[in-house]
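What follows is a single structure, written as structure tokens, with notes after it.
The values are calculated or read from the model by the stated rules, or taken from the named source; none is laboratory data. Everything numeric here is computed off the predicted structure, so don't read it as measured data. Cβ atoms come from the backbone with ideal geometry, glycine included; neighbour counts cover every protein chain shown.
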Ligand SMILES: Cc1cc2nc3c(=O)[nH]c(=O)nc-3n(C[C@H](O)[C@H](O)[C@H](O)COP(=O)(O)OP(=O)(O)OC[C@H]3O[C@@H](n4cnc5c(N)ncnc54)[C@H](O)[C@@H]3O)c2cc1C
């Protein structure tokens, strides 16, 4: 396993149960992503009961709550203490290729090693993605990517522009807003979901409705589904909606998508209304589906009034002068890029996304785990990474057994036999 996050650890647990010899190589420390790349007030967006690491589901006393950053790190550390995986921390795999003999050769920061099979579990979010226009910001503006944001006090005094309204952008904008900072928010096209509806967390309803067991194979547009932006909502303070309109009513300044930077002037697309309307329409559409489910099953549930927009954009400025608005910093909440350049195998598509089915690639023995929508909604999350790991463990174990049999029958070296495709 390359990577010792929740995916690599889940994989290790499932292989251990099958008696498959393995090692987990982790570049940093277990929990690194959560410890080092999340802000101080970060908490899960998904409820704790969805934390289902294999053999180690969430056992705390707040299943409907949302673990904060340090609790998530502890959950992973406790998982390590629970089954003691063969884990090497502080070692980075810098190159992976298949040798002529058939085995995989891994170059690491601590020497070379070989493996019959490899699982790449290096997470879905590698390098911060910041648009090139960031280079055009005036020198005096302090700019960071969301993965480097920790707390409002870290930013120089003055107004803050947050660019992007995926989960990170919305939550960071809220964090700054609650701290009394003047926030300017460039709103993108991400959808939103209500936190609660008709007496329960929407995630609980969607779980009952089978939403999380739908597999990628059920969608015609699998690629598009995999690239979808997450719905914004928060688990903060027990969980609540993120309503950008309410932020605007309370003083946050909203704009459309940031398109250009000219000197100290920023230009925005004329799509704020459309983006807000779209986010609300998605949230209300999810409520429609919940209503239909409740009605069809006769589930007892309190009736709840629908969302009424609390603010409407009117005469939105298409431009903003940073100096005039007193903006001193920019937080780019513009996502991440994938970086698999260290893997030398012909398994990637035109966008650099590994082509696979349930993590199994066309290169025998090379597997991926923890990709968004690898198999279902929860694949890149705590919810289903264990399910995917169990599937892959079965595949890896079968490949190993096949290699053993082929080696015995043909007298071929095991490493050649292990390069055979299974199935
Ligand atoms: C802002 C944000 C909020 C999220 N909120 C939720 C949520 O509420 N609920 C939820 O279920 N999921 C959430 N996720 C998604 C997901 O759970 C996390 O991204 C999680 O960290 C993925 O786990 P992973 O093990 O797949 O990858 P990671 O946690 O990224 O772990 C990969 C590990 O691989 C190591 N590594 C990388 N490259 C190498 C290499 N070359 N050699 C050796 N080691 C390497 C890294 O050091 C890292 O520790 C969120 C993600 C983000 C970004």
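All conditions but one from (1) within 11 Å of the ligand (Cβ to nearest atom); (2) in contact (Cβ under 8 Å) with a residue 60 or more places away in the chain; (3) surrounded by fewer than 18 Cβ atoms within 10 Å (Cβ to Cβ) apply to residue 44; the one that does not is (3). When region 119-134 is limited to residues that are outside any loop (DSSP other than H, G, I, E, B) and within 16 Å of the ligand (Cβ to nearest atom), the one that is nearest to residue 20 (Cα to Cα) turns out to be 119. Restricting 254, 244, 272 to those that are under 14 Å from residue 193 (Cα atoms) and either within 25 Å of the chain's Cα centre (by Cα) or in contact (Cβ under 8 Å) with a residue 60 or more places away in the chain (or both) reduces the list to 244. Within region 150-169, if we keep just the residues that are assigned to a helix (DSSP H, G or I) and in contact with a helix residue (DSSP H, G or I) (Cβ under 7 Å, 6 or more places away or on another chain), the residue that is surrounded by the fewest Cβ atoms within 10 Å (Cβ to Cβ) turns out to be 152.
Evaluate region 319-327: report whether one residue or more is in a strand (DSSP E or B) and free of Cβ contacts under 8 Å to residues at least 24 places away in the same chain. No; the residues of region 319-327 include none that is in a strand (DSSP E or B) and free of Cβ contacts under 8 Å to residues at least 24 places away in the same chain.
For region 178-231, give me each residue that is farther than 30 Å from residue 350 by Cα and either at pLDDT below 95 or assigned to a helix (DSSP H, G or I) (or both). Of everything in region 178-231, those that are farther than 30 Å from residue 350 by Cα and either at pLDDT below 95 or assigned to a helix (DSSP H, G or I) (or both) turn out to be 178, 202, 203, 204, 205, 206, 207, 208.
Taking residues in region 8-27 that are free of Cβ contacts under 8 Å to residues at least 12 places away in the same chain, and partners anywhere that are within 16 Å of the ligand (Cβ to nearest atom), the pairs with Cβ atoms closer than 9 Å and at least 6 places apart or on different chains are 21/15; 21/86. Within region 281-321, being over 30 Å from residue 162 (Cα atoms) and surrounded by 13 or more Cβ atoms within 10 Å (Cβ to Cβ) holds for 289, 290, 291, 293, 294, 299, 301, 304. Go through the residues of region 97-105 one by one and say whether even a single one is touching a strand residue (DSSP E or B) at 6+ places or on another chain (Cβ under 9 Å), within 10 Å of the ligand (Cβ to nearest atom) and touching a residue at least 60 places away in the same chain (Cβ under 8 Å). The answer is no; no qualifying residue exists. Looking across 257, 236, one residue alone is surrounded by fewer than 21 Cβ atoms within 10 Å (Cβ to Cβ) and within 16 Å of the ligand (Cβ to nearest atom). It is 236.
Looking only at residues of region 332-362 that are touching a strand residue (DSSP E or B) at 6+ places or on another chain (Cβ under 7 Å), in contact (Cβ under 8 Å) with a residue 24 or more places away in the chain and over 26 Å from residue 168 (Cβ atoms), we find that the one that is nearest to the ligand (Cβ to nearest atom) is 343. Would you confirm whether or not region 66-78 contains a residue that is under 21 Å from residue 212 (Cα atoms) and assigned by TED's automatic domain parsing to the domain that holds residue 11? Yes, region 66-78 has at least one match.
The residue pairs whose first member lies in region 131-145 and is without any contact (Cβ under 8 Å) to a residue 12 or more places away in the chain, whose second member is assigned to a strand (DSSP E or B) and surrounded by 16 or more Cβ atoms within 10 Å (Cβ to Cβ), and whose beta carbons are closer than 7 Å, counting only pairs six or more residues apart or on different chains, do not exist in this structure. Taking the criterion of being surrounded by 13 or more Cβ atoms within 10 Å (Cβ to Cβ) and assigned to a strand (DSSP E or B), the residues of region 94-113 that qualify are 95, 96, 98, 104, 105, 106, 107, 108, 113. Screening region 56-91 for residues that are part of a loop (DSSP other than H, G, I, E, B), more than 21 Å from the chain's Cα centre (by Cα) and in contact (Cβ under 8 Å) with a residue 60 or more places away in the chain and picking the one that is surrounded by the most Cβ atoms within 10 Å (Cβ to Cβ) gives 85. In region 269-284, is there at least one residue being touching a strand residue (DSSP E or B) at 6+ places or on another chain (Cβ under 9 Å) and in a loop (DSSP other than H, G, I, E, B)? Checking region 269-284: at least one residue is touching a strand residue (DSSP E or B) at 6+ places or on another chain (Cβ under 9 Å) and in a loop (DSSP other than H, G, I, E, B). Taken across region 196-219, residues that are surrounded by 15 or more Cβ atoms within 10 Å (Cβ to Cβ), within 16 Å of the ligand (Cβ to nearest atom) and within 21 Å of residue 39 (Cβ to Cβ) do not occur at all. Checked against (1) farther than 11 Å from residue 382 by Cβ; (2) in contact with a helix residue (DSSP H, G or I) (Cβ under 8 Å, 6 or more places away or on another chain), residue 32 meets all criteria but (2). Is it fair to say residue 137 is more than 16 Å from the ligand (Cβ to nearest atom) and closer than 24 Å to residue 36 by Cα? It is false that residue 137 is more than 16 Å from the ligand (Cβ to nearest atom) and closer than 24 Å to residue 36 by Cα. Looking only at region 6-29, how many residues end up being surrounded by fewer than 23 Cβ atoms within 10 Å (Cβ to Cβ) and either within 17 Å of the chain's Cα centre (by Cα) or within 9 Å of the ligand (Cβ to nearest atom) (or both)? Qualifying residue count, region 6-29: 3.
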